[in-house]
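Following: one structure in structure tokens, then a few remarks.
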Amino acid sequence: MTPEVQKDRDHPALASRRVAKNTTYLALADGANKVMLFFFNMVAARHLGVAKFGILSFALAFVTMFAVFTDLGLGAVTAREVARDARAARRLISNSLGVKLLASLAVILLIGALVKILGYPPATARVVYICSFFVVESAITSYYCYVFQGFERMELAALTRAVQTVVLVVGAVLLSRQGAAVESYALLYVGAGLLSVLFAGAAAVVWLMPPELSFAPRLWWQMLRSSWPIGLTVTFTVFYYWNGTSVLSKLSGDEAVGNYSAAFRLALGMAFAGFGFSGAVFPLLSRLFVTSRRRLSQALELSFRYMSLLVLPMAVFGATLALPITSFVYGHGYEGSAAVFRLVSVWAALACLNSLLSNYLISVDKPSTVTVQAAVSLTVNLVANLLLIPRLGAVGAGASIVCAEAIGFAYLLTKLVRTGEGFRGSRYARVLPQIVAATMPAVFLARLFARSNLIVGLSLAAVAYLVALFVTGGVRRQDIVLLFGLVRRGDA
């Protein structure tokens with residue numbers, strides 16, 4: 001891609017339409033995925049019961065924690081470099097896949113050894129062994145999603161995830177008609193992961209380039225020298241996300257894990273639009289760092305504002321409607337999830353904001369700041385879990401992760417403001433009162449109608465929030481222009 005074409009591609013009007021289009025692709029497709037994943041968790045949780053759902057949740061969390069060692073930061077670096085120059089794609093992809101396959105085999109052996117050493121019950125160990133095969137599938141699928149992100153083909157990333165969730169939903173419906181066996185759900189996860197890998201490879205062949213494997217240790221060393229800070233950050237982040245489940249399993253038992261996991265996965269699903277938006281703007285930020293620092297500053301401020309409009313009401317609705325939401329989703333037996341959900345709804349909003357700030361810092365070649373933030377959050381979370389879980393159980397795990405995310409957010413925001421990295425807090429401070437003012441009538445309507453019909457209450461609340469945003473000026477004319485730009489032709 002020539003510099004002239006690149007510069008034209010990043011013209012504000014074209015770039016804004018492209019980011020909006022990609023955000024819409026991700027929001028719609030990923031939203032559908034999250035709805036299906038929500039349905040899977042609902043069916044599995046209701047069918048298995050709190051304790052067995054806790055075993056499945058623990059196994060997936062345990063495997064996910066160690067599967068992070070297959071990432072090594074290569075995905076984010078590939079997305080960044082491909083966004084800057086697509087000609088580097090073939091060399092990066094072929095060698096990264098080689099590294100990931102070898103790393104995946106090592107991680108599977110590590111998981112098997114740890115399960116033996118830590119002495120988990122045979123029933124739990126069997127489920128972990130089955131889920132460990134998901135390591136290879138997750139490594140390849142997640143990497144290809146980064147590749148699609150670099151090429152700004154977010155619809156391919158969303159469809160890759162959709163294949164997995166469709167299989168999970170269909171399988172869960174079929175399994176719900178049989179006996180409640182945790183192993184069956186673990187096998188379903190592995191089968192769904194395999195199909196998503198096959199789809200990602202086929203999509204790459206059809207729309208990008210055929211997948212290849214390269215084993216060039218010298219090039220691997222060069223790639224890892226660039227990616228290790230991001231890989232370390234991802235490692236810290238994944239351990240931070242899922243260590244609470246492992247600590248709960250040892251200190252509080254399977255039922256506490258079931259209550260915590262039900263609330264956490266529901267909050268994670270609510271945040272789909274925020275994470276989708278963060279992923280959509282990452283390639284644009286990476287290119288603007290090279291082509292236009294002035295536009296980069298504008299893009300960060302606007303992105304942070306739009307993200308706040310998306311996720312702050314989510315935290316308020318989750319905290320105020322926790323009991324009717326968790327009861328509607330999971331039914332009888334999960335009353336203990338409501339108190340956790342009040343907390344992790346706030347965590348989800350902060351996590352979306354941190355995702356955007358982290359992507360920005362990675363795009364401007366400052367991943368070490370994100371690494372420090374992730375290390376700080378992980379440390380706070382681990383210490384808080386060990387202190388709070390023995391006293392409060394699942395609620396303690398929820399409180400721990402909220403505190404850790406809030407401290408991480410404060411760290412990133414302070415760094416950006418103090419170092420002058422294109423973020424001015426005074427401008428953002430003007431937006432907060434508008435969001436708060438728009439949220440108040442929405443919360444009133446939601447609480448008024450939620451007792452009789454939760455869906456009606458949330459729908460009315462969403463409409464009230466949008467109307468109030470127009471009235472208070474939270475949504476401006478520029479936002480309407482951006483929306484109508486989606487239907488125009490000509491995405492560079």
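Do we find a residue being among the hydroxyl-bearing types (Ser, Thr, Tyr) and modelled with pLDDT under 85 anywhere in segment 102-119?
No, segment 102-119 contains no residue that is among the hydroxyl-bearing types (Ser, Thr, Tyr) and modelled with pLDDT under 85.
Examine segment 279-299 for a residue that is surrounded by 23 or more Cβ atoms within 10 Å (Cβ to Cβ) and either assigned by TED's automatic domain parsing to the domain that holds residue 459 or under 27 Å from residue 446 (Cβ atoms) (or both), and state whether such a residue exists.
No, segment 279-299 has no match at all.
Let me confirm something: among 468, 410, 462, 437, which residue is at pLDDT 70 or above and in the same structural domain as residue 329 (by TED's automatic domain parsing)?
On the way: 468 fails: in the same structural domain as residue 329 (by TED's automatic domain parsing); 462 fails: in the same structural domain as residue 329 (by TED's automatic domain parsing); 437 fails: in the same structural domain as residue 329 (by TED's automatic domain parsing).
Result of the check over 468, 410, 462, 437: 410.
Looking only at segment 242-265, decide whether some residue is surrounded by fewer than 19 Cβ atoms within 10 Å (Cβ to Cβ) and of a type in the set (Val, Ile, Thr).
no
Of the residues that sit in segment 150-177 and are more than 14 Å from residue 195 (Cα to Cα) and free of Cβ contacts under 8 Å to residues at least 12 places away in the same chain, which one is farthest from the chain's Cα centre (by Cα)?
Selected residue: 177.
Please specify each residue of segment 108-131 satisfying the condition of being under 15 Å from residue 55 (Cβ atoms) and in a helix (DSSP H, G or I).
Passing the criteria: 115, 118, 122, 123, 124, 125, 126, 127, 128, 129, 130, 131.
Taking residue 150, is it crowded, with 24+ Cβ neighbours inside 10 Å and either modelled with pLDDT under 80 or out of contact with any Pro (no Cβ under 8 Å at 6 or more places or on another chain) (or both)?
Judged against the criteria, residue 150 is a match.
Yes/no per residue for (1) within 19 Å of residue 183 (Cα to Cα); (2) buried (at least 18 other Cβ atoms within 10 Å of the Cβ):
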{"site": "105", "(1), (2)": "no, no"}
{"site": "109", "(1), (2)": "no, no"}
{"site": "117", "(1), (2)": "no, no"}
{"site": "123", "(1), (2)": "yes, no"}
{"site": "126", "(1), (2)": "yes, no"}
{"site": "163", "(1), (2)": "no, yes"}
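Check whether at least one residue in segment 328-348 is surrounded by fewer than 24 Cβ atoms within 10 Å (Cβ to Cβ), touching a Phe, Trp or Tyr at 6+ places or on another chain (Cβ under 6 Å) and within 19 Å of residue 395 (Cα to Cα), and report yes or no.
No, the conditions are met nowhere in segment 328-348.
Scan segment 170-186 for residues that are surrounded by fewer than 17 Cβ atoms within 10 Å (Cβ to Cβ) and not small (Gly, Ala, Ser) and jot them down.
Of everything in segment 170-186, those that are surrounded by fewer than 17 Cβ atoms within 10 Å (Cβ to Cβ) and not small (Gly, Ala, Ser) turn out to be 170, 173, 174, 177, 178, 183.
Can you report the number of residues in segment 93-108 which are under 24 Å from the mean Cα position of the chain (by Cα) and touching a residue at least 60 places away in the same chain (Cβ under 8 Å)?
5
The values are calculated or read from the model by the stated rules, or taken from the named source; none is laboratory data. Computed from a predicted model, the values in this text were never measured in an experiment. Counting neighbours? That spans all protein chains shown, and the Cβs are built from the backbone with ideal geometry, glycine included.
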